[in-house]
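Heads up: the structure comes next, in structure tokens.
The values are calculated or read from the model by the stated rules, or taken from the named source; none is laboratory data. Since the structure is predicted, the reported quantities are computational estimates derived from the model, not experimental observations. Cβ atoms come from the backbone with ideal geometry, glycine included; neighbour counts cover every protein chain shown.
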Amino acid sequence: MNNNSLRLNVILFFTLAGIFIIDQNVKMLFVDGFRYYSECIDLILVYNKGVAFSMLAFLDEWLKYIQVVLVSGILIYIIMLKKVCFAFPVGLMLGGAFSNIYDRFVHGGVVDMVYWHCGFDFAVFNFADVMIDLAVVWLLVLNFKPKFCKS
């Protein structure tokens, strides 16, 4: 394994593991009973059986297996791509994705907890969702501005 591949794998693994561990610990607070209510944001426990805005909930048990295949494909692709600049954002994305998939296997749905209702009602989401969104924006920037990605 050359130095570039080693760097990619280390960054990817530690980012993925870090996001997974942080997200699971935050979720356990809510599974164990923590709640907070305010005028704009409520921290509550919701189990999402679908994906964003509960879409695809009709797939029921199949959804988690479809997601495992898709996320594993992304992991394989990024390792084969061998671009270190993609390691951190993909680690953010995969850490969040694997954490949400883990929830589906353990809790029967994704543990969501942040409910924004100030001015408008928004979907209930979690830390993993924020990391996935951040990663998508980061990857779009890297793809549309290739000068930021030199490896």
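Here are the numbers for the structure shown:
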{"read-out": "Tally of residues being more than 29 Å from Ile79 (Cα to Cα) and at pLDDT 95 or above across segment 116-127", "value": "0"}
{"read-out": "Odd one out for Ser72, checked against (1) of a type in the set (Gly, Ala, Ser); (2) under 24 Å from Val141 (Cβ atoms); (3) free of Cβ contacts under 8 Å to residues at least 12 places away in the same chain", "value": "(2)"}
{"read-out": "Top-ranked residue of segment 1-16 - restricted to ones that are part of a helix (DSSP H, G or I) and exposed (fewer than 12 other Cβ atoms within 10 Å of the Cβ), ranked as modelled with the lowest pLDDT", "value": "Asn3"}
{"read-out": "Looking only at segment 113-127, and only at residues there that are in a loop (DSSP other than H, G, I, E, B) and hydrophobic (A, V, I, L, M, F, W, C), the one that is surrounded by the most Cβ atoms within 10 Å (Cβ to Cβ)", "value": "Val124"}
{"read-out": "Scan of segment 140-151 for residues that are part of a helix (DSSP H, G or I) and loosely packed, with under 14 Cβ neighbours inside 10 Å, ordered by number", "value": "Leu140, Val141, Asn143, Phe144, Pro146, Lys147, Phe148"}
{"read-out": "Segment 1-28, residues that are touching a residue at least 24 places away in the same chain (Cβ under 8 Å), under 23 Å from Tyr47 (Cα atoms) and of a type in the set (A, V, I, L, M, F, W, C)", "value": "Leu16, Ala17, Ile19, Phe20, Ile22, Val26"}
{"read-out": "Single unsatisfied condition, Val114 versus (1) among the hydrophobic types (A, V, I, L, M, F, W, C); (2) without any contact (Cβ under 8 Å) to a residue 60 or more places away in the chain; (3) over 20 Å from Ala17 (Cβ atoms)", "value": "(2)"}
{"read-out": "From the options Val106, Val130, Val137, residue that is of a type in the set (A, V, I, L, M, F, W, C), surrounded by fewer than 22 Cβ atoms within 10 Å (Cβ to Cβ), modelled with pLDDT of 95 or more and in contact with a Gly (Cβ under 9 Å, 6 or more places away or on another chain)", "value": "Val130"}
{"read-out": "Condition broken by Leu29, with the remaining ones in (1) in contact with a Phe, Trp or Tyr (Cβ under 7 Å, 6 or more places away or on another chain); (2) farther than 29 Å from Leu140 by Cα; (3) not acidic (Asp, Glu) satisfied", "value": "(1)"}
{"read-out": "Residues satisfying the stated conditions in segment 18-42, i.e. surrounded by 14 or more Cβ atoms within 10 Å (Cβ to Cβ), closer than 28 Å to Lys83 by Cβ and of a type in the set (A, V, I, L, M)", "value": "Ile19, Ile22"}
